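The values are calculated or read from the model by the stated rules, or taken from the named source; none is laboratory data. For clarity, every value in this text was computed on a predicted model and none was experimentally measured. Note: ideal-geometry Cβ built from the backbone for every residue, glycine included; neighbour counts use all protein chains shown. For the accessible areas, the whole protein counts, side chains as well, though only heavy atoms, and no ligand, DNA or RNA atoms are used. Shrake-Rupley method; radii C 1.70, N 1.55, O 1.52, S 1.80 Å.
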Amino acid sequence: SPEQLGHILFTSGSTGVPKGVQITHAMASAFVDWAVEHFGTAPGERISGHPPLHFDLSTFDIYATLKAGAELYLVPAEANMLPGALADFIRDGALHQWFSVPSTLAFMVRSGAIEQDDFPTLRRVLFCGEAMPTPVLAEWMRRVPHARYTNLYGPTETTIASSYYDVPAVPEDEAQPVPIGVPCPDEELLVLDEELQPQPSGEVGQIFIAGVGLSPGYWRDDERTEAAFVTDPRGSGRIYRTGDLGSVGEDGLFMYAGRTDSQIKHRGYRIELGEVEAALNALAELRECAVVAVETEGFEATTICCAYVPGESEVSPPRLRAALTRMLPAYMLPTRWLAFEALPKNVNGKIDRRALRGAFELEVPRAR
């Protein structure tokens, strides 16, 4: 029946032991039915199958393709470390749709694998699972202007995606984040404070989600289920506590503002690490970057650390700090830097921030 479990997806466990998220047939079908209509997936279209089967984005790729009578092109795992191979896969398969995490899109465009007016058959570029760096999106839209671009947002616990944003044009201000948009049909996003009261327009709070995509909870884990799926303060029903920070504007567009666990206190200031990362992503000298916080001894207690992959030009931490001073106050600047050939990724292709913290902890004395 529609309410029976279709599958159980285990989270990557980036903040602890992986949790088994229960997904029913009805939850998955609701998103697939909407997405096929919204994106216009047509019979015979060639659709990428990039995410692994244990990542919920694959649910959309597989079942939307089957529902529409389209063709699924599974991306070889070995191509994920080779941006040129990924670009060739799109060209050789004459794909109509590409769907992946933003890290993959950044890897491709910043390595020079995409030419001007590349991928002539590509109609849609979809991304989900991480915040999309605005400069990466803008460069894709300039090089592949004939495609339609959509940002999808939602945790595994609410089935693939709960909101979407069809990007209308190349972003004019690349320092501004890409909106996560408006709720999908029969879904609802709420921005609440610590007392579960609505935040005013433009004010940052935690994002909660309600609607048809809401999971019954975690497999055989009532304690975690009760902590994450709480009673809707407006009355009956449940809402999911995402752990994501965000806001909603007067225009009804929701904005992602980072994770609750990436909001730190540093030198007496409250800092969103996502803001620091967004500023770094605006620098053309970097191919990839990520910002993490590491607890340390001494007055500062927390050190802001930047992991980066240099571009083709010569890059050094002093040069990067100097560039950042034009965009950020001094207290937000990273004080520790590590260069990588490529940032570590987890099994879903997202940047592995736990691994990065471990790398910095080898360099920074830990607080006792």
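Based on the Cα gyration tensor of the chain, what are the three equivalent ellipsoid semi-axes, each the root of five times an eigenvalue, rounded to whole Å and given largest first?
The answer is 31, 28, 19 Å, longest axis first.
From largest accessible area down, sort 337, 98, 219; use a 1.4 Å probe on the protein chains.
219, 337, 98
Express the relative contact order of the chain as a whole percentage, based on alpha carbon pairs under 8 Å and six or more residues apart in sequence.
Worked out over the chain, it gives 13 percent.
Helices from the chain with mean Kyte-Doolittle at least -1.0 and a Cα length along the axis of 18 Å or more, per DSSP H: which?
Helices meeting the span and hydropathy rule in the chain are 25-39.
Quickly estimate the mean residue ellipticity at 222 nm for the chain, helices only: each DSSP H run with n ≥ 4 gives -39500 (n - 2.57), and the total goes over all residues, rounded to 500.
Rounded to the nearest 500, the figure is -7000 deg cm²/dmol.
Just to be sure I follow the rule: in the chain, considering lysines 8 or more places apart or on different chains, how many pairs have Cα atoms under 28 Å apart?
Qualifying lysine pairs in the chain: 5.
First check a/c for segment 57-173, with a ≥ b ≥ c the square roots of the eigenvalues of its C-alpha gyration tensor; if it is under 1.5, answer rounded, and if not, answer prolate when a/b is larger than b/c or oblate otherwise.
In terms of gyration-tensor shape, rounded.
Hey, if we sort 313, 100 by accessible area with the 1.4 Å probe, largest down, what's the order?
Listed by decreasing accessible area, they come as 313, 100.
Can you tell me, using C-alpha contacts under 8 Å and at least 6 residues apart, the relative contact order of segment 40-184 as a whole percent?
19 percent
Return the Cα extents of segment 240-358 along principal axes one, two and three, sorted largest first, each rounded to a whole Å.
42, 35, 30
State the Cα centre-to-centre distance between segment 239-292 and segment 184-233 in whole Å.
Segment 239-292 and segment 184-233 have Cα centres separated by 19 Å.
Taking a probe of 1.4 angstrom, what is the accessible area of residue 78 in Å², to the nearest 10?
So the heavy atoms of residue 78 present about 130 Å² to solvent.
Quick one: accessible surface of residue 157, probe radius 1.4 Å, all protein chains present, in square angstrom to the nearest 10.
10 Å²
Rounded, prolate or oblate, given the Cα gyration tensor of segment 5-103, with a/c below 1.5 counting as rounded?
Since a/c reaches 1.5 but b/c is at least a/b, the shape of segment 5-103 is classed as oblate.
How big is the charge dipole of the chain about its Cα centre, in debye rounded to the nearest 20, if each Lys and Arg gets +1 on its Cβ and each Asp and Glu gets -1 on its Cβ?
Charge dipole of the chain: 700 debye, to the nearest 20.
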